[in-house]
Amino acid sequence: MNGWKGALLLGIGYAVVISWGLELSINRVFGAVFGSGIKYYVAGLWGITVLRLLLMGVFLKWLNLNWADLWGGELSFRELGLAFLCASFLLLPIDVPALLMKAYHPQILGEYRYFLKLASGDKAMAVFALFSQYVYYLVEALSVNMLYLGSAKFVGEKGAIVIPMVFWGVMHILQALNRPLPVATAVAILASVEAGVMYGYAYKTGNMIGPLIIFFTVVMFVV
């Protein structure tokens, strides 16, 4: 199988098996077992993370990719600066207005405060939950790198940019299941643009570390 048919099949498989299907099913199962609260949240994060890693191993074998390919390439100072410039392109239109309105709170700080409240003031549990969240983010970012690299085998590196934009980015609209539709739509647009920037960077530089830096800079410092 080759061409766009193969890339679309990969995108659908990624969305159903590794990304959104996995998220929705695990959240439902762990919600039934643990109910609400910090234990439910952390257990759900680790359940998704571990299963995602196992499923990624299957997809990597199918795509004839290695784990090291997901963070391959040497990052020069120039490429590092370009990665931060790309992240700034994504952040500034959101963060600058928030700063002007004195409403800027970086996401990482907001997440810690949320976990602290969920843990009823237990700082150790809140820190562990935050650590779990960022392990989850790392595996998610690596899975999107896999989606891009796998798609490139079917349609080339330039054409492959579209697949994560759609099957990771646009599909954030599914957050409308538990968030207001306007918020989910805004997140989907930002994620799709972010994927385009991340893999436009990968296409130009041939470096897969840069997309990880862009991803983490955005996720830490967006409002």
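The values are calculated or read from the model by the stated rules, or taken from the named source; none is laboratory data. No experiment lies behind these values; they were computed from the predicted model shown. Reconstructed Cβ throughout: ideal geometry from the backbone, glycine too, with neighbour counts over all protein chains shown. Note: accessible area is taken over every heavy atom of the protein model, side chains too, but ligands, DNA and RNA are not part of it. Shrake-Rupley method; radii C 1.70, N 1.55, O 1.52, S 1.80 Å.
Looking at region 147-165, which of its residues are buried (at least 17 other Cβ atoms within 10 Å of the Cβ), in a helix (DSSP H, G or I) and in contact with a helix residue (DSSP H, G or I) (Cβ under 7 Å, 6 or more places away or on another chain)?
As a first pass, look at region 147-165 and keep what is buried (at least 17 other Cβ atoms within 10 Å of the Cβ): 147-152, 154-155, 160-165.
Still in the running and in a helix (DSSP H, G or I): 147-152, 154-155, 160, 162-165.
Passing the criteria: 147, 148, 149, 150, 151, 152, 154, 155, 160, 163, 164, 165.
Can you tell me which residue in region 31-84 is most open to solvent (accessible area, probe 1.4 Å), limited to those that are in contact with a Ser or Thr (Cβ under 8 Å, 6 or more places away or on another chain) and small (Gly, Ala, Ser)?
73
Starting from region 1-30, take each residue that is free of Cβ contacts under 8 Å to residues at least 12 places away in the same chain and farther than 17 Å from residue 59 by Cβ and list its partners that are of a type in the set (Gly, Ala, Ser) and open to solvent by 40 Å² or more (accessible area, probe 1.4 Å), counting only C-beta distances under 8 angstrom and pairs at least six apart or across chains.
none
Look at residue 118 and say whether it is in contact (Cβ under 8 Å) with a residue 12 or more places away in the chain and either basic (Lys, Arg) or on the phi < 0 side of the Ramachandran plot (or both).
For residue 118, the condition - in contact (Cβ under 8 Å) with a residue 12 or more places away in the chain and either basic (Lys, Arg) or on the phi < 0 side of the Ramachandran plot (or both) - is met.
Being assigned to a helix (DSSP H, G or I) and either among the hydrophobic types (A, V, I, L, M, F, W, C) or touching a residue at least 24 places away in the same chain (Cβ under 8 Å) (or both) is the filter here; which residues of region 33-44 pass it?
33, 34, 38, 41, 42, 43
Against the definition (among the hydroxyl-bearing types (Ser, Thr, Tyr), open to solvent by less than 20 Å² (accessible area, probe 1.4 Å) and over 16 Å from the mean Cα position of the chain (by Cα)), how does residue 143 come out, yes or no? Explain how you work it out, then say what you get.
On the way: among the hydroxyl-bearing types (Ser, Thr, Tyr): yes; open to solvent by less than 20 Å² (accessible area, probe 1.4 Å): yes; over 16 Å from the mean Cα position of the chain (by Cα): no.
Considered against the rule, which asks whether it is among the hydroxyl-bearing types (Ser, Thr, Tyr), open to solvent by less than 20 Å² (accessible area, probe 1.4 Å) and over 16 Å from the mean Cα position of the chain (by Cα), residue 143 comes out as no.
In this structure, does residue 183 turn out to be over 14 Å from the mean Cα position of the chain (by Cα) and either closer than 22 Å to residue 105 by Cα or basic (Lys, Arg) (or both)?
When the stated conditions are applied, residue 183 passes them.
Please find, among 143, 88, 132, the residue that is small (Gly, Ala, Ser) and farther than 30 Å from residue 32 by Cβ. I'd like the intermediate steps shown before the answer.
On the way: 143 fails: farther than 30 Å from residue 32 by Cβ; 132 fails: farther than 30 Å from residue 32 by Cβ.
So the residue among 143, 88, 132 that is small (Gly, Ala, Ser) and farther than 30 Å from residue 32 by Cβ is 88.
So, in region 45-91, of the ones that are in contact (Cβ under 8 Å) with a residue 12 or more places away in the chain and among the charged types (D, E, K, R), which residue ends up nearest to residue 11 (Cα to Cα)?
Ranking the qualifying residues of region 45-91, first place goes to 52.
Hey, could you check region 174-223 for residues that are farther than 25 Å from residue 98 by Cβ and polar (S, T, N, Q) and say which is most open to solvent (accessible area, probe 1.4 Å)?
Step by step, filter region 174-223, then rank; the result is 205.
Keeping to region 56-81, report how many residues are within 17 Å of residue 148 (Cβ to Cβ) and assigned to a helix (DSSP H, G or I).
Total satisfying the criteria: 11.
Report yes if residue 17 is open to solvent by 50 Å² or more (accessible area, probe 1.4 Å), farther than 27 Å from residue 200 by Cβ and of a type in the set (A, V, I, L, M, F, W, C), otherwise no.
no
If I ask for residues that are touching a residue at least 24 places away in the same chain (Cβ under 8 Å), part of a helix (DSSP H, G or I) and more than 17 Å from residue 169 (Cβ to Cβ), which ones from region 192-209 would you list?
Hits for region 192-209 are 205, 209.
Any residue that is touching a Phe, Trp or Tyr at 6+ places or on another chain (Cβ under 8 Å) and either of a type in the set (Lys, Arg) or under 27 Å from residue 27 (Cβ atoms) (or both) - is there at least one of those in region 59-75?
yes
Taking the condition of being under 27 Å from residue 56 (Cβ atoms) and open to solvent by 60 Å² or more (accessible area, probe 1.4 Å), how many residues in region 85-96 meet it?
Qualifying residue count for the region: 0.
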